[in-house]
1. Of all residues in region 300-314, which are surrounded by 14 or more Cβ atoms within 10 Å (Cβ to Cβ), within 23 Å of residue 260 (Cβ to Cβ) and at pLDDT below 90?
2. Determine which member of the set 198, 134, 207 is modelled with pLDDT of 80 or more, within 30 Å of residue 54 (Cβ to Cβ), touching a helix residue (DSSP H, G or I) at 6+ places or on another chain (Cβ under 9 Å) and not in a helix (DSSP H, G or I).
3. Which of the residues belonging to region 93-120 are without any contact (Cβ under 8 Å) to a residue 40 or more places away in the chain, in a helix (DSSP H, G or I) and over 17 Å from residue 69 (Cβ atoms)?
4. Buried (at least 18 other Cβ atoms within 10 Å of the Cβ) and modelled with pLDDT under 70, is that true of residue 166?
5. So which of 273, 256, 297 ends up being under 17 Å from the mean Cα position of the chain (by Cα) and surrounded by fewer than 21 Cβ atoms within 10 Å (Cβ to Cβ)?
6. Would you confirm, using the coordinates I've provided, whether residue 49 is over 27 Å from residue 3 (Cα atoms) and touching a helix residue (DSSP H, G or I) at 6+ places or on another chain (Cβ under 9 Å)?
7. Search region 269-284 for residues being assigned to a loop (DSSP other than H, G, I, E, B) and modelled with pLDDT of 95 or more, and hand back the single one that is farthest from residue 68 (Cα to Cα).
């Protein structure tokens, strides 16, 4: 088992630069969590006032639901707060939850990125695929089929394990926790909104975005991060991809600097809000040509769907 290559940041940055980059704030991570929930509530209010804005609200809310998952991911690296107890409590209770079971799984991904032992390899290994195959996947995401299949499949696995008297795998245990929290959240939301005639709010303004838009952009994020990156890549600058994102993409697809994935893998304990600065410093030091960088998510999609396409983009 060969672990993924690592870079000593002291070989790239001065002591002052690295101290600034690696500094973890006591308030920025918590402020980002508050921002995510604030945007979700604002988008929900927009629909209540102007019902025709529902399609836009679904995209906005789904984007912030992914944003909460991104912030939980930051907590898994201990980057959400300087105090680890606060970091873990916030990551477990104020985001998507499941932090303690996600952390060992995710750190294994970092340890063996793009290698046989990488638990996330299954997400990137099939690419490139054909444009038709990609369209089918996106349609299944946006129509809720992917969400339903994932939830039904996990539930069936839980029942099978219990009938056989086998211990539940961590992913199944985490799913049970999420289901309980989802039901509690649904009950509280319905209880609070029903007296105002808004009993439908949880279903339309939380479950619907989660089952549709969030599924699609989660797939897009996975594709952008590692699809078409070489197996067993030994260059730390090319194990993961950074994808440039404009204001609309950051609002609806790539929240909280998740698109700076190359930098995240090189320096996995940096807080998400310091990744853009790390990127600029690396470019200023002339390291841009060594890094796996793409100009936007449409470019990444063309790359991922280049199988069987003549004149397609060259693999990363």
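1. Matches in region 300-314: 313 only.
2. Details: 134 fails: not in a helix (DSSP H, G or I); 207 fails: not in a helix (DSSP H, G or I).
Only one candidate passes the filter, namely 198.
3. 108
4. So residue 166 does not fit the description; no.
5. Numbers: 256 fails: surrounded by fewer than 21 Cβ atoms within 10 Å (Cβ to Cβ); 297 fails: surrounded by fewer than 21 Cβ atoms within 10 Å (Cβ to Cβ).
Testing whether each residue is under 17 Å from the mean Cα position of the chain (by Cα) and surrounded by fewer than 21 Cβ atoms within 10 Å (Cβ to Cβ) leaves just 273.
6. When the stated conditions are applied, residue 49 does not pass them.
7. Taking the candidates together, the pick is 270.
For every residue, the table says whether it meets (1) within 21 Å of residue 104 (Cβ to Cβ); (2) in contact (Cβ under 8 Å) with a residue 40 or more places away in the chain.
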residue: 8; (1), (2): no, no
residue: 12; (1), (2): no, yes
residue: 17; (1), (2): no, yes
residue: 25; (1), (2): no, yes
residue: 30; (1), (2): no, yes
residue: 54; (1), (2): no, yes
residue: 68; (1), (2): yes, no
residue: 74; (1), (2): yes, yes
residue: 79; (1), (2): yes, yes
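The values are calculated or read from the model by the stated rules, or taken from the named source; none is laboratory data. Because the structure is a prediction, the values reported are computed rather than measured. Backbone-built Cβ (ideal geometry, glycine too); neighbour counts: all protein chains shown.
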